[in-house]
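The values are calculated or read from the model by the stated rules, or taken from the named source; none is laboratory data. These numbers were taken from a predicted model, which means no experiment stands behind them. Cβ placement follows ideal geometry from the backbone for every residue including glycine, while neighbour counts extend to all protein chains displayed. In case anyone asks, the SASA skips ligands and DNA or RNA and just uses the protein heavy atoms, side chains included. Shrake-Rupley method; radii C 1.70, N 1.55, O 1.52, S 1.80 Å.
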Amino acid sequence: MSTASINLYGLDRAGLAAALEPLGIEPYRARQVHAALYRRDDLDPRSWTDLPRDLRDAIADRFRIARPEIAARTSARDGTVKYALRLEDGALVEAVAIPDGDRMTFCLSSQVGCAFGCTFCMTARLGFRRHLQAGEIVGQLAALREESEVAGGAYNIVFMGMGEPLHNIQALEPALAILGDELGFGLGPRRVTVSTVGLPDRIRRLATFPSPPRLAVSLVAADQRLRETLMPVARRHPLDELAEAIRSYGRGRRDRPTLEVVMLAGVNDTPELAERLAAYAARCRAKVNLIEFNPTPELAWKPAPEERLQHFLRVLGARGVVGTVRRSRGRDAFAACGQLALLDPKSP
């Protein structure tokens, strides 16, 4: 690969130092480039006045600096905004900005489409198209942060958009390094959540990262057969194996892992499954987030009624398990959990 084909955006400190080494620069110059790209959001090397002019010109001539661009936006009545971002190859990926008072949560994607076929998620209908590169992951945050004009560090990020983050762990690792770097976005691990369908080996690998993020696992049901029908990945990774990985991830951490359960009427909302969920969560030493199902015309499931959600919360509480309900945000813009599939809410 020639240097002309290298995109500097998406390289962490070590990657930048390696890419710029042929220019014969001092190591601290790579740190300055890192800060320009990610802290200052300045993508024009010739404007980096803390670098000598000849070095700025050399970087501009020899490297690309490209990040995703906002192609479209759709606003929901509750203030949530869904963005379609165009990548260099023309592919589109979606990300979401969710306001919460004076703070913001940015929901980022890790892939174009998804390979795991969860039956309650519209992204699965796209199938797997490709992994995002680290710069395409980080660039979503940069674009949304700029668009939202969020003050300082008044935001958190969640990897709950399109795709399975741990399936793309080779790009997730440098992306997390950039997000956490004080010369980058400066996000501490408690401000970053990675949600996964439940890949035990990748969960264990994530735990070895220098600053592991918060972990959320899409469980759906603490019943092996039912989970297999809703999430094909469960056929390869039984609940017992998954529980060991989740419990191990939480060991020694202040933040317990979270089990996410999309509540489907007449499917996984029975009293028996509430008891099983409570026992499984206690075994994993995990919290539980009950998620309101967000319907689309293409999916036959219906949201579980409110009384079932409240029953689950009571059962969890009786077992000493912390349980919460994640209320739908952005549903009318197809920006809510499970709805990211390049859908246009104006379409019939």
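I need the full set of residues from segment 30-59 which are closer than 18 Å to G186 by Cβ, open to solvent by 50 Å² or more (accessible area, probe 1.4 Å) and touching an Asp or Glu at 6+ places or on another chain (Cβ under 8 Å), in order please.
The answer is none; no residue qualifies.
Being open to solvent by 80 Å² or more (accessible area, probe 1.4 Å) and either touching an Asp or Glu at 6+ places or on another chain (Cβ under 6 Å) or farther than 24 Å from A154 by Cβ (or both): is that true of D89 here?
So D89 passes the test.
Identify, from the list G323, G317, the residue that is within 21 Å of V267 (Cα to Cα) and small (G, A, S).
G323
Go through E298, E241 for me and flag whichever is of a type in the set (D, E, K, R), open to solvent by 10 Å² or more (accessible area, probe 1.4 Å), in a loop (DSSP other than H, G, I, E, B) and within 20 Å of C118 (Cα to Cα).
Answer to the check: E298.
Where in segment 57-164 are there strands (runs of 3 or more DSSP E), lying fully within it, with 3 or more residues that are small (G, A, S) and more than 13 Å from the chain's Cα centre (by Cα)?
Strands (runs of 3 or more DSSP E) meeting the threshold: 69-75.
So which residues in segment 115-125 are in contact (Cβ under 8 Å) with a residue 60 or more places away in the chain, crowded, with 18+ Cβ neighbours inside 10 Å and not aromatic (F, W, Y)?
Scanning segment 115-125 gives C118, C121, M122, T123.
Return the total of residues in segment 13-43 being assigned to a loop (DSSP other than H, G, I, E, B), over 22 Å from L179 (Cβ atoms) and not β-branched (V, I, T).
So the count comes out to 2.
Taking the conditions exactly as written (more than 26 Å from I98 (Cβ to Cβ), buried (at least 17 other Cβ atoms within 10 Å of the Cβ) and hydroxyl-bearing (S, T, Y)), does Y249 satisfy them or not?
Here the answer is no, as Y249 does not meet what is asked.
Give R46, R62, R56, R73 a once-over and let me know the one that is out of contact with any helix residue (DSSP H, G or I) (no Cβ under 6 Å at 6 or more places or on another chain) and of a type outside the set (A, V, I, L, M, F, W, C).
None of the other options fit; the residue is R73.
Mind checking whether some residue in segment 191-199 is among the aliphatic types (A, V, I, L, M), assigned to a strand (DSSP E or B) and closer than 23 Å to G127 by Cα?
Kept after step one, since they are among the aliphatic types (A, V, I, L, M), are these residues of segment 191-199: 192, 194, 197, 199.
Right, trim to assigned to a strand (DSSP E or B) and you get 192, 194.
Cutting the leftovers down to closer than 23 Å to G127 by Cα gives us 194.
Yes: segment 191-199 contains one or more residues that are among the aliphatic types (A, V, I, L, M), assigned to a strand (DSSP E or B) and closer than 23 Å to G127 by Cα.
When residues of segment 168-186 are filtered for being farther than 19 Å from V112 by Cα and open to solvent by 10 Å² or more (accessible area, probe 1.4 Å), how many remain?
7
Consider segment 93-114. How many of its residues are surrounded by fewer than 17 Cβ atoms within 10 Å (Cβ to Cβ) and either closer than 27 Å to W301 by Cα or among the acidic types (D, E) (or both)? Break it down stepwise before answering.
Step one: list which residues in segment 93-114 are surrounded by fewer than 17 Cβ atoms within 10 Å (Cβ to Cβ), which gives 99-103.
Within this subset, residues satisfying the condition of being either closer than 27 Å to W301 by Cα or among the acidic types (D, E) (or both) are 100, 102.
Total meeting the criteria: 2.
Which condition does G101 not pass, out of (1) at pLDDT below 95; (2) touching a strand residue (DSSP E or B) at 6+ places or on another chain (Cβ under 6 Å), if it passes all the others?
The single condition G101 does not satisfy is (2).
Just to be sure, is A274 open to solvent by less than 10 Å² (accessible area, probe 1.4 Å), of a type in the set (A, V, I, L, M, F, W, C), part of a helix (DSSP H, G or I) and farther than 15 Å from L226 by Cα?
No: the conditions fail for A274.
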